[in-house]
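Heads up: the structure comes next, in structure tokens.
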Amino acid sequence: MNTDSLEILNHKYKQDFNTALNLYENDYSHEDLILLLENGTVVERQVSALKLNSINSQKEADIFVSNLTGCDGKIREAVSFRLQEFVCKKPQFFTRFTDKFLDAVIDINGNICRNTLSAIKYLKNNKEFCFDFCKKLTNRTLNLSDIVSTFDLQDGKYKVNKEIFKLYWYLETIYEFSEFIPAETLVEILSKTKSINEYTIREKTAKILTKDFQNDELLKIKKELKQDKNYYVRRF
């Protein structure tokens with residue numbers, strides 16, 4: 001990197017720091033923070049998400065959740081960090097974001113996956129949300145498990161690792177929402193994932209089977225995984 005590029009970069013960092021400091025040190029109204037979250041710079045949206053005290057309407061929830069995916073990682077992580085607090089307080093404002101949440105639980109940043117999953121568990125009382133969410137979740141998981149099953153894990157390619165990461169988090173999400181998923185759908189998914197070479201996928205498969213299922217096919221898969229070559233799979 002040449003000297004000019006370094007100077008430009010240093011200038012940008014200084015501007016971002018000063019913007020963040022100004023936002024933290026000064027009192028902004030709730031309305032101003034929502035406006036910044038909708039139209040601000042990366043730093044303004046990041047800090048606004050952290051400074052918000054509440055979500056008071058569906059429109060505000062729409063603006064807030066729009067920053068959970070498809071933008072700079074600093075913004076996405078800040079929004080995910082506050083998501084549980086807001087969903088817990090006003091779950092009725094967050095039931096329309098099925099696709100957004102399904103994208104967020106497989107974010108490249110594991111903190112965002114974890115934060116999002118922790119938040120959407122507070123929507124379990126909404127049966128309509130759970131039905132729609134789980135139907136799309138299982139369809140995505142089935143498609144992804146078919147793709148991952150064809151991978152040669154010795155390749156070590158970025159795409160391989162990325163798709164495995166996504167499948168890992170979808171299986172973790174299935175674990176949290178398993179009571180809303182038909183047993184036959186679980187059988188279809190876990191019959192595939194139990195044989196994937198990457199042990200973390202088999203481990204998540206085994207974790208799902210720690211739930212109290214009485215389905216014979218699921219119990220058969222569970223028995224098979226008890227003999228798995230990997231300790232972390234067997235321990236479940």
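Structure summary
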| quantity | calculated |
| --- | --- |
| Qualifying residues in segment 195-206 (those that are assigned to a helix (DSSP H, G or I) and not aromatic (Phe, Trp, Tyr)) - the one nearest to Arg114 (Cα to Cα) | Lys204 |
| Pair list, Cβ under 6 Å, 6 or more apart: segment 63-92 residue over 20 Å from Asp32 (Cβ atoms) and in contact (Cβ under 8 Å) with a residue 24 or more places away in the chain, other residue of a type in the set (Ser, Thr, Tyr) and surrounded by fewer than 22 Cβ atoms within 10 Å (Cβ to Cβ) | Gln84/Ser118; Val87/Tyr122; Cys88/Tyr122; Pro91/Tyr122 |
| Members of segment 179-209 found to be hydroxyl-bearing (Ser, Thr, Tyr), closer than 20 Å to Val105 by Cβ and surrounded by fewer than 19 Cβ atoms within 10 Å (Cβ to Cβ), listed by number | Thr185, Thr200 |
| Output for segment 44-83, where each listed residue is over 19 Å from the mean Cα position of the chain (by Cα) and β-branched (Val, Ile, Thr) | Val47, Ile55 |
| Given (1) under 19 Å from Phe213 (Cβ atoms); (2) modelled with pLDDT under 95, index of the condition Asp146 fails | (1) |
| Subset tally (residues that are in a loop (DSSP other than H, G, I, E, B) and more than 25 Å from Ser54 (Cβ to Cβ)) for segment 87-108 | 2 |
| Close pairs (8 angstrom Cβ cut-off, 6 or more residues apart or separate chains): among the aromatic types (Phe, Trp, Tyr) in segment 108-132, surrounded by 15 or more Cβ atoms within 10 Å (Cβ to Cβ) anywhere | Tyr122/Gln84; Tyr122/Val87; Tyr122/Pro91; Phe129/Thr95; Phe129/Thr98; Phe129/Leu123; Phe131/Phe180 |
| Test set (1) in contact with a helix residue (DSSP H, G or I) (Cβ under 6 Å, 6 or more places away or on another chain); (2) of a type outside the set (Lys, Arg); (3) closer than 19 Å to Ile174 by Cα - Asn67 fails condition number | (3) |
| In segment 172-194, residue nearest to Ser145 (Cα to Cα) [restricted to those that are hydrophobic (A, V, I, L, M, F, W, C) and part of a helix (DSSP H, G or I)] | Ile189 |
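The values are calculated or read from the model by the stated rules, or taken from the named source; none is laboratory data. Being a predicted model, the structure only gives us computed values, none of them experimental. Positions of Cβ are backbone-derived with ideal geometry, glycine not excepted, and every protein chain shown enters the neighbour counts.
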